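The values are calculated or read from the model by the stated rules, or taken from the named source; none is laboratory data. Just so it is clear, the structure is predicted and the values come from calculations on it, not from any experiment. All Cβ positions, glycine included, derive from the backbone under ideal geometry; neighbour counts span all protein chains shown. Protein only, heavy atoms only, side chains kept; ligands, DNA and RNA dropped before computing areas. Shrake-Rupley method; radii C 1.70, N 1.55, O 1.52, S 1.80 Å.
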Amino acid sequence: MESVGTEAANMGEREFKSCDRDDVSHLSLDIGGSLIKMVYFSSGSSSPSDDQKDSYLNDGTNTSIGTSNYNGLREKLHFLKFETSKIDECIKFISSKHLRYYGGQDNKNLASEDNIIKATGGGAFKFADLFKEKLGIVLDKVDEMSCLVAGANFLLKAVNHEAFTYMDGRKDYVQINHKDLYPYLLVNVGSGVSMIKVDGDNEFERVSGTSVGGGTFWGLGRLLTKCQSFDELLELSRQGNNRVIDMLVGDIYGGTDYSKIGLTSTTIASSFGRAISANKELDDYRPEDVARSLLRMISNNIGQIAYLNALRFGLKRIIFGGFFIRGHAYTMDTISVAVDFWSKGEAKALFLRHEGFLGALGAFMNYEKNGFTDITHQFMEQSCEIAQDLVCKDEDL
Amino acid sequence: MANLREREDHRELNIGIGGDLNIDNLADDKSKLNFDTGKDRGSTVLGKEEQLRDKDMGPKAGSSIHRSLSRPQLDLSGAAIQGNFEEKDPAILLPNQSDDISHLALDIGGSLIKLVYFSRHENQPVNDRRRKIIKARLGITNFNRRSFPILGGRLHFVKFETAKINECLDFIYSKQLHRGGMDSRSWQTEGPNTESTVIKATGGGAYKFADLFKDKLGISIEKEDEMNCLVSGANYLLKAIRHEAFTHMEGRKEFVQLDSNDLYPYLLVNIGSGVSIIKVDGEGVFERVSGTNVGGGTYWGLGKLLTKCKSFDELLELSQRGDNRTIDMLVGDIYGGMDYSKIGLSASTIASSFGKAISENKEIDDYRPEDISLSLLRMISYNIGQISYLNALRFGLKRIFFGGFFIRGHAYTMDTISFAVHFWSKGQAQAMFLRHEGFLGALGAFLSYEKHGLDDLLVHQFVERFPMGAPYIGGNVHGPPLGDLNEKISWMEKFVLKGTEITAPVPMLSPGTTGLGGFEVPSSRGDSLRPDASKLNVGVLHLIPSLEVFPLLADPKTYEPNTIDLSDHGELEYWFKVLSEHMPDLVDKAVASEGGTDDAKRRGDAFARAFSAHLARLMEEPSAYGKLGLAHLLELREECLREFHFHDAYRSIKQRENEASLAVLQDLLMELDSMDEESRLLTLIEGVLAANIFDWGSRACVDLYHKGTIIEIYRMSRDKMQRPWRVDDFDIFKERMFGSAEKKPHKYKRALLFVDNSGADIVLGMLPLARELLRRGTEVVLVGNSLPALNDVTAMELPEIVAEAAKHCDILRAAAEAGGLLVDAMINVQDSPRESSLSVPLMVVENGCGSPCIDLRQVSSELAAAAKDADLIVLEGMGRALHTNYNATFKCDALKVAMVKNQRLAAKLINGNIYDSVCRFEAATSPSPSLSFS
């Protein structure tokens, strides 16, 4: 259940094989502060089992959604990510895949239309020159929020069992009626956090946000634990005990609850509060415990702020996406508990299976030309009919 | 007179500060306090002047400094039970014990222990007989009609780190605070303080450390609910302290005056180790609606792990030199330096706190601790501001008060929180902070004692003082408690050598340049020091139940005593310069007044250091002691002098001048009596103005003495008073007095004369005016200072001067007799005033302060009583009529008379020059203008 997102995500070190059999086209990118998310479309005669042999796709977070067109060709959307600091790997990958318009490796025509990649995220601006220089590709910048919302709307409508709740280690898929999807609060937890009120297909507003997000977890965590990667840090936190470092209500009240205001003795009164009084240095704490406290602090805070914003607008549904979550059980659990606690059970935290790819997917949806919007329509139309096992490869999500 | 214009002005240098003499007014309650008997019976009978000394001083150990001024602290040595041992609750005679009784409440948090303790000071009446007569005359019967006395005394605010709880225990022990548990009995008597001592405490540690307190000090801790305490502490502060709340935006503080009738509802955010967010709907009506675990403990805890700082304050200080851009990921970092303006995010907005620590190949040691601390501080402050705002929004609350020890008056913290609230609310909600931010809980616990008697105190009954060298500057404890003045001076000497905050060099930055714009990136970076000056000093809160609002103020709510706004930095700098330059001369005089001994010199040095430090502190942060006005500044100086036991630096000078002036009074009166009424009135007002130039701080005055006799100079000055004066309402005043074709003359029933300097000013200026009013059948009340302030005449000195003057004048004598003044001054006079005289009375009351200025919101009860029948007020001199109250309006007629002896003030206030005269007359203002309007 939890394996997704917990494996090391250093795919940049892998050797990318050329995927000759696929017609790879319509690639889009979401270049964030920490990670680059990629979505591309392939169609070809290859069987699903062939795909699974592609070693570089076996990183748990790299997935694909497949569907069949009437020609019997397998059409797939692929989801990949790279660390932004290793952007060269991403460029290498694109180059190796000969990802050009319609996969036309022979197409030497440098007309601008052929060399455009839809991209979003801050990096679409920052690295525009790099892509131009290395690949001759022009990044067509698409607004980040629009992409997030379009991506989320697409997933929620097109993919069965995209959304789920997560409480006490239990995952429950939620069937959302397309007609009753709006309004909802979309919380995209990337390096930072954006909170977007979504009222319709293209109606949305960024109502809030916080700078305490995935980047904070990773950044602080790196300083505190010397972890080499985000996923390593997440993995550490699974083995940690936050009570070592967090000051609990019981620590302050000598083991008793402060029941008058509904605080049990195990409630965290102050994250990292115990690091104060003890005569301990950083090295005296287990990295696992540090990671755990950090994760709880940040997850809880995001959950709380999200709930308060949902409350403001009377939204019952809060959908969390973005790469911070990564299907990590404890993260989802903490966020869910925070929403549940502050809303007194009134509001629910929902998560998305393709949480990290909202922006990239949204950018992908932005391809409007040459009938390519059909892809999305196909997914949307067919999703109800497609057998569940075809929809998604990442069964172990 | 022309030569006068060229002379320098020095008068304003003489202005000083009011004392807490008002506690004297508790005399009536004194009889109820049995423990005074110990003093009466014991051999250690103390002199009168001891009543005025600083009670923070403990017993002296053979130090000459204490000569006549110190009174021992609670000293149980030699205790013996008085009377029958079978008696229930026998009084204990403590021959070596002072009558200071302290009471204590604690707030023991996860990080800090906050103490609020009360020390009661029973001052002997300075002038009991005169006062009795005045009271009888003014119809004052009983100040306090409560079942228990409202206590005059002081509230102290002190904090310790919880990790160093032993320091706290030592402090309590050395101050003997644990002996004064506030059960109802010990409020009344010095009952047996054994194991029954119960101390109110709140905070989690109240549970955790209960046994420790029991073991070490024998204190039983009674736990009070934390939220209750927070809320009642906040409610109390917001109601009792005039300028408790302030906003803080971009480095700039603005004190907010709240209408205590319109306080609720509000959101109270207490940032301790964690954060509690409480909706307060009224007295005792509140709900904890939210909170966050990301609070002060998180800042400190994470900060400690990341930077190895040894203390919270060290960490906070580090942040002042930090640049968060090295660690935080900004919108610009993601967008390649561009804004994401579509959603209102500028390039410098933090996208992800600590987000930059991700991608670089850096270890923790590669980051500057300063930067880490700043990033952390911003992250947590901003987050708290955001969550608070979202909760305020939920309940439609516009006011959010932030308290708790995380804030610590730290500018950047407050700016960040304010920015968050402002940003998210789009300016609709306001973040406010409290000067006593950290002490809400402890104060609430203190208030939970049943019979503290503080509930009934109102805002005008509090005076905050800032003793220098006390161990709790800003609530911080710097070393062991100070036993006496000697220790205090020694401590200060070391302190100065150390160059710590009190004597820090004075940065002359104008306020606002340190403003960092909250969420924006700090303007400073690298190693450039960004001084965080905005820590607020928490003073000692004097509770003076006898203070009242001057009843004749037309609109007490909008009254502002200070004429000059010191928030104008240029103004502030000017006055600081004036005060600094005058200091050496003042120290000389002060030392001379104490006989010029080595001890006096040492105290003089200490005073100079202390007052310079005050000035430096205020220059650095003008709001450090609350809202700053010139009156406060001048009062601070007087208080500082008193703190170092200079009680009347100008004593001998005043005496000499009084004598010289009295010697020529008869000549003057004869001259006046030869005039007709109308020209006499003019001559009298001219005389007041002329005499107001006699000023001991003024070099002009000193020079004049070499040129002739005092009466010659006076006459010469008077003759130069050519009308029209710069502000000249004399004709209106004259018409009011004598009438005109259309108007009948007005006979005033009672006039209050607020007098200024000793010597010619009172004797040749104000007394003749008083005499004229008496002659016209108007009762006259001379209002003098309660405590000396430079060469200002005090209420205590006035009877003697009047008695002396009465020897030359029948009018004055009869009136003084009628007013009971001669009782004090003459020997062999009975207690009750002689009824033989038919004259209207001449009386003397004290004004309740010891400053050359006067804040009419806080005057003595006897002045308030005297004001009841008054229909004319005369304010004389720069301090009372110009620096303060120039724009004050009254329910009765008011005459403001002064000579301007400061070029800057003359230019600013009356668009005139030095030595211009002001004679401003304003007829009574309708008591409630708003009503008359409709």
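Side notes on the structure shown:
Residue-by-condition table, conditions (1) at pLDDT below 90; (2) closer than 30 Å to B:P467 by Cβ; (3) surrounded by 20 or more Cβ atoms within 10 Å (Cβ to Cβ):
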position: B:R637; (1), (2), (3): no, yes, yes
position: B:S652; (1), (2), (3): yes, yes, no
position: B:A663; (1), (2), (3): yes, no, no
position: B:L668; (1), (2), (3): no, no, yes
position: B:D676; (1), (2), (3): no, no, no
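- Where strands (runs of 3 or more DSSP E) fall wholly inside the range B:271-385, the ranges with 1 or more residues that are within 10 Å of chain A (Cβ to nearest Cβ), at pLDDT below 85 and open to solvent by 10 Å² or more (accessible area, probe 1.4 Å) are B:350-352.
- Among the criteria (1) touching a helix residue (DSSP H, G or I) at 6+ places or on another chain (Cβ under 6 Å); (2) modelled with pLDDT under 85; (3) not aromatic (F, W, Y), the one A:N109 does not fulfil is (1).
- Filter result for A:F341 (modelled with pLDDT of 90 or more, surrounded by fewer than 20 Cβ atoms within 10 Å (Cβ to Cβ) and within 14 Å of chain B (Cβ to nearest Cβ)): no
- Identity of the residue in the range B:386-407, of a type in the set (A, V, I, L, M, F, W, C) and not in a helix (DSSP H, G or I), that ends up nearest to the other protein chains (Cβ to nearest Cβ): B:F406
- One residue from A:Y184, A:Y173 being away from every other protein chain (no Cβ under 11 Å) and open to solvent by less than 10 Å² (accessible area, probe 1.4 Å): A:Y184
- A:V198 being buried (at least 20 other Cβ atoms within 10 Å of the Cβ), within 30 Å of A:Y285 (Cβ to Cβ) and either touching a residue at least 12 places away in the same chain (Cβ under 8 Å) or within 8 Å of chain B (Cβ to nearest Cβ) (or both): no
- When residues of the range B:204-244 are limited to those that are among the β-branched types (V, I, T) and more than 30 Å from B:K627 (Cα to Cα), the one surrounded by the fewest Cβ atoms within 10 Å (Cβ to Cβ): B:I221
- Single match in A:A310, A:A291 (criterion: touching a Lys or Arg at 6+ places or on another chain (Cβ under 8 Å), open to solvent by less than 10 Å² (accessible area, probe 1.4 Å) and either part of a helix (DSSP H, G or I) or away from every other protein chain (no Cβ under 12 Å) (or both)): A:A310
- The C-beta contact set for the range B:213-235 (first residue closer than 16 Å to B:F402 by Cα and within 14 Å of another protein chain (Cβ to nearest Cβ), second residue of a type in the set (K, R) and surrounded by fewer than 24 Cβ atoms within 10 Å (Cβ to Cβ), distance under 8 angstrom, 6+ apart or interchain) comprises B:M227/A:K260; B:M227/B:R288.
- Residue list for the range A:219-231, filter: modelled with pLDDT under 90 and either more than 11 Å from chain B (Cβ to nearest Cβ) or open to solvent by less than 30 Å² (accessible area, probe 1.4 Å) (or both): A:C227, A:S229, A:F230, A:D231
- Selection of the range B:529-547 for residues being modelled with pLDDT under 80 and either of a type in the set (D, E) or closer than 19 Å to B:C853 by Cα (or both) yields only B:D532.
- Condition check for A:T67: farther than 23 Å from A:N115 by Cβ, part of a strand (DSSP E or B) and either of a type in the set (S, T, N, Q) or at pLDDT 85 or above (or both): yes
- Test result for A:I319, of a type in the set (A, V, I, L, M), under 13 Å from the mean Cα position of the chain (by Cα), assigned by TED's automatic domain parsing to the domain that holds A:L233 and buried (at least 20 other Cβ atoms within 10 Å of the Cβ): yes
- Test set (1) in a helix (DSSP H, G or I); (2) surrounded by fewer than 18 Cβ atoms within 10 Å (Cβ to Cβ) - B:T247 fails condition number: (1)
- Per-region count, the range A:151-170, residues in a loop (DSSP other than H, G, I, E, B), among the hydrophobic types (A, V, I, L, M, F, W, C) and open to solvent by 50 Å² or more (accessible area, probe 1.4 Å): 0
- Counted residues, the range B:842-901 - those being within 20 Å of the chain's Cα centre (by Cα), of a type in the set (D, E) and open to solvent by 10 Å² or more (accessible area, probe 1.4 Å): 1
- Residues satisfying the stated conditions in the range B:565-594, i.e. within 21 Å of the chain's Cα centre (by Cα), open to solvent by 20 Å² or more (accessible area, probe 1.4 Å) and either among the hydroxyl-bearing types (S, T, Y) or under 20 Å from B:H645 (Cα atoms) (or both): B:S567, B:S580
- Output for the range B:548-572, where each listed residue is among the aliphatic types (A, V, I, L, M) and modelled with pLDDT of 90 or more: B:V549, B:L552, B:L553, B:A554
- Only one of the numbered conditions (1) open to solvent by 10 Å² or more (accessible area, probe 1.4 Å); (2) modelled with pLDDT under 90; (3) touching a helix residue (DSSP H, G or I) at 6+ places or on another chain (Cβ under 8 Å) is violated by A:K280, and that is (3).
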